[in-house]
Amino acid sequence: MASSTTAFTAADITTDHTAYSAQRVQARSRMLPIRAERRVRVGDILLFEFENAETLRYQVQEMVYTERLTAPGEVAHEVEAYSRLLPSSHALTATMFIELNQVEAVRDELARLSGVQRRVALEIGGVTVPAVEIPGVDEDPDQPSETVSVHMLRFPLTDGTRDAFRDPEVTVELVVDHPAYSDATPIVGAVRRSLIADLALPS
């Protein structure tokens, strides 16, 4: 397998579904603590999972397994789609989940939260770093996306904000500032250390 600090390729994904099934529970158990230390909840219904090569490779492997993909081109397509979420030395990435428990209210709640994916930012020592939505592979990047329950976000950093984020003495918060939903959560502890490690990646 590729290192968690580098990109991954289709060669890192197995299409031997029987072999993967035999060790799937173990793979999931190994990923749970990794994902837990990269998870930030903002308010009651917004959950952010910051991604890296290890979390993304796992998601691709699960997709290939559940969809029973075997063709090299199909696997490569999934790797390409998820690789857009890889962090770098000057960018953190996250998947934002809108967690709605009442199925009958989902449509109304998503309408109430319209555009929330464009109102997310990191506050790094008082400097605002707005998130940039990563469009789906079939979406027009110049057209604002509809608000759905899952969005992919990138936080582009300058040299200054990157250095500040890596300084444990600098306060960092994940902020949502939407007319219908406004809250913030400090990024501290294991989460902060994991994201600082992301910023040690090559450019």
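The table that follows gives values for the structure above.
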| read-out | value |
| --- | --- |
| Hits in the stretch 39-86 - residues which are open to solvent by 40 Å² or more (accessible area, probe 1.4 Å) and in a strand (DSSP E or B) | ARG39, ARG41 |
| Count - residues of the stretch 172-181 that are surrounded by fewer than 14 Cβ atoms within 10 Å (Cβ to Cβ) and either within 17 Å of the chain's Cα centre (by Cα) or free of Cβ contacts under 8 Å to residues at least 60 places away in the same chain (or both) | 1 |
| All positions within the stretch 98-130 that are assigned to a strand (DSSP E or B) and acidic (Asp, Glu) | GLU123 |
| Some residue of the stretch 51-74 being β-branched (Val, Ile, Thr), closer than 22 Å to ALA197 by Cα and in contact with a strand residue (DSSP E or B) (Cβ under 9 Å, 6 or more places away or on another chain) | yes |
| Close pairs from the stretch 29-41: first closer than 14 Å to THR95 by Cα and of a type in the set (Val, Ile, Thr), partner open to solvent by less than 90 Å² (accessible area, probe 1.4 Å) and part of a helix (DSSP H, G or I), Cβ under 9 Å, at least 6 apart | VAL40/VAL191 |
| Failed condition for ALA19, given (1) surrounded by fewer than 19 Cβ atoms within 10 Å (Cβ to Cβ); (2) touching a Phe, Trp or Tyr at 6+ places or on another chain (Cβ under 7 Å); (3) not in a loop (DSSP other than H, G, I, E, B) | (2) |
| Which numbered condition ASP159 misses (of (1) surrounded by 11 or more Cβ atoms within 10 Å (Cβ to Cβ); (2) in contact (Cβ under 8 Å) with a residue 12 or more places away in the chain) | (1) |
| Sole exception among (1) at pLDDT below 90; (2) in contact with a Lys or Arg (Cβ under 7 Å, 6 or more places away or on another chain) for VAL103, by number | (2) |
| Condition check for THR93: in contact with a helix residue (DSSP H, G or I) (Cβ under 9 Å, 6 or more places away or on another chain), surrounded by 14 or more Cβ atoms within 10 Å (Cβ to Cβ) and at pLDDT 95 or above | yes |
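The values are calculated or read from the model by the stated rules, or taken from the named source; none is laboratory data. In this text the structure is predicted, and so the values were computed from the model without any measurement. Glycine gets a Cβ as well: all are built from the backbone with ideal geometry, and neighbour counts include every protein chain shown. Calculation scope for accessible area: heavy atoms of the full protein, side chains included, ligands and nucleic acids excluded. Shrake-Rupley method; radii C 1.70, N 1.55, O 1.52, S 1.80 Å.
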